[in-house]
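The values are calculated or read from the model by the stated rules, or taken from the named source; none is laboratory data. Everything numeric in this text was worked out from a predicted model, so none of it was measured. Reconstructed Cβ throughout: ideal geometry from the backbone, glycine too, with neighbour counts over all protein chains shown.
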Amino acid sequence: MACDQQSVPEADLNIQIDLNKKVGSMTPVWAWFGYDEPNYTYMKDGKKLLSEIPELSPVPVYVRAHNLLTTGDGTPALKWGSTNAYTEDDQGNPIYNWSIADSIFDIYIERGMRPLVEVGFMPEALSSKPQPYQHKWKPGAAYGDIYTGWAYPPNDYEKWGELVFQWVTHCVDRYGKEEVEKWYWEPWNEPNIGYWQGTTEEYIKLYDYSVEAAKRALPTIIFGGPHSTGPSWDEAEKFLRTFLDHVESGTNYVTGETGSPIDFIGFHAKGRPTLQGDSIILMNLGTQLRDISNGFEIVASYPALKELPIVIGESDPEGCAACSMSDYPANAYRNGTLYSSYTAAAFARKYKLADHFGINFKGAVTWVLSLKISHGTMVIVTWPPMAWINLF
């Protein structure tokens, strides 16, 4: 049994619906998906799933994946992936190889999808602490075990900026300016926790070098961040505010001028299901909604930034797609209709919160693809975006 409450008192309800009353246009904020392991993209099941997803959506679907710059031979593993996009010769000169990254983006473009490009993680040759580099995490192990050499700041920010410039330039050459300027780009993932083994200021420096290089390659690029964790947590709120203060009025690490370009704002929002006894799962939807509410409220408090699009870069019932129910029993919610019901309920309230704070809610990424591709336990019929419309 799974439910949001331990007991629900019986009551007579009188529900009235006025179908002629319009609240506003329904922006398709649900058409955003993500996953950890990018190398599954071009495998049989990955291509199959990434064909089904856009067929369910009347608008282009955006896709976000980790590890697009991580060093390695392209062999996937849980919470791991690699493209070997950047290496160096014996003299420290950059060697760029876009073949694996291209094979990932090609799958998206062929299906009418668009990347939400996560510019990361740190190539081994650029990491300020490269060893150990690849983690060997397995379900049940300490989550912090994943934060190895790929999570560290660059040993050379100029080389990092040039890597971003070369990547954007290559994408424009391969896919065309009109296509790439529709994509969303952002550096890193959850830089306020272990994914970034540097300081807040070091992340801000990374952002400045990244956005400067990206806009030098394509002035019309859509670039933003910081995709930090849920801001209902004090430290996460502090990180988001520090970042927004910088892009608004800080000293730019590259140009020395005031502020830094930003085209959208991103943060994450997670729930926290818990197992009560042997069979009752409490989903705790309020935990996820508090992240969203606080994030919207923070952005709304910056008049100069309030109109920018907001993308919730990960918006899910909990935060570990690679954590199966055998090791994390509360995650059994994934194996039935509770997942889709919870998600529909969450999206309905995301719209309400966006209206309440008067912000520009662009999209919310759901990490459901990682469950299907890596575990094979999730069927896509539990996640049909268009089926929710009548629930709102």
TODO: Just give me the residues in region 215-242 being surrounded by 18 or more Cβ atoms within 10 Å (Cβ to Cβ) and either assigned to a loop (DSSP other than H, G, I, E, B) or free of Cβ contacts under 8 Å to residues at least 40 places away in the same chain (or both), in sequence order.
DONE: L218, I221, T229, G230, P231, S232
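If we keep just the residues of region 126-145 that are more than 15 Å from D327 (Cβ to Cβ) and outside any loop (DSSP other than H, G, I, E, B), which is nearest to the chain's Cα centre (by Cα)? So that I can check it myself, show each step before the final result.
First, the residues of region 126-145 that are more than 15 Å from D327 (Cβ to Cβ): 126-136, 144.
Within this subset, residues satisfying the condition of being outside any loop (DSSP other than H, G, I, E, B) are 126-127, 144.
On the way: L126: 23, S127: 22, G144: 19 Å.
Across region 126-145, the extreme among qualifying residues is G144.
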Task: Long-range neighbours under 9 Å by Cβ, at least six apart or interchain, first residue part of a strand (DSSP E or B) within region 311-328, second modelled with pLDDT under 90 and crowded, with 20+ Cβ neighbours inside 10 Å - done: E314/W367; S315/W367; D316/W367; D316/V368
- [ ] Show the residue pairs that are 6+ apart or on different chains and have beta-carbon atoms under 7 Å apart, the first residue being within region 282-306 and farther than 16 Å from A354 by Cα, the second being of a type in the set (F, W, Y).
- [x] M283/Y333; M283/Y342; L285/Y342
TODO: Please tell me if K306 is in contact with a Ser or Thr (Cβ under 9 Å, 6 or more places away or on another chain) and surrounded by fewer than 18 Cβ atoms within 10 Å (Cβ to Cβ).
DONE: no
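Which residue out of T169, T200 is more than 21 Å from the chain's Cα centre (by Cα), polar (S, T, N, Q) and surrounded by fewer than 19 Cβ atoms within 10 Å (Cβ to Cβ)? It would help to see each step written out before you state the result.
Numbers: T200 fails: more than 21 Å from the chain's Cα centre (by Cα).
Result: T169 is the single residue among T169, T200 that is more than 21 Å from the chain's Cα centre (by Cα), polar (S, T, N, Q) and surrounded by fewer than 19 Cβ atoms within 10 Å (Cβ to Cβ).
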TODO: Please determine, by comparing only the residues of region 288-322 that are of a type in the set (S, T, N, Q) and out of contact with any Asp or Glu (no Cβ under 9 Å at 6 or more places or on another chain), which one is nearest to G194 (Cα to Cα).
DONE: S293
Open item on the list: Being among the hydroxyl-bearing types (S, T, Y) and either surrounded by 16 or more Cβ atoms within 10 Å (Cβ to Cβ) or on the phi > 0 side of the Ramachandran plot (or both): is that true of Y133 here?
Closed with: yes
Task: Selection status of S103, closer than 21 Å to T366 by Cα, of a type outside the set (D, E, K, R) and either modelled with pLDDT under 95 or not in a loop (DSSP other than H, G, I, E, B) (or both) - done: no
Open item on the list: If I filter region 163-172 for residues that are closer than 27 Å to M113 by Cα, assigned to a loop (DSSP other than H, G, I, E, B) and of a type outside the set (G, A, S), do I get at least one hit?
Closed with: no
Task: Conditions (1) at pLDDT 95 or above; (2) buried (at least 19 other Cβ atoms within 10 Å of the Cβ); number of the one not met by L78 - done: (1)
- [ ] Could you figure out which of (1) crowded, with 23+ Cβ neighbours inside 10 Å; (2) within 18 Å of Y108 (Cβ to Cβ); (3) acidic (D, E) isn't true of E181?
- [x] (1)
Open item on the list: Six or more apart or on different chains, Cβ atoms under 7 Å: show the pairs whose first residue is in region 37-58 and basic (K, R) and whose second is surrounded by fewer than 22 Cβ atoms within 10 Å (Cβ to Cβ).
Closed with: K47/I107
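Give, as residue ranges, the strands (runs of 3 or more DSSP E) completely inside region 243-309 that count at least 3 residues that are farther than 24 Å from S340 by Cβ.
Here the list reads 264-270.
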Open item on the list: If L305 meets every condition in (1) among the aliphatic types (A, V, I, L, M); (2) over 21 Å from R64 (Cα atoms); (3) modelled with pLDDT under 95 apart from one, which number is that one?
Closed with: (3)
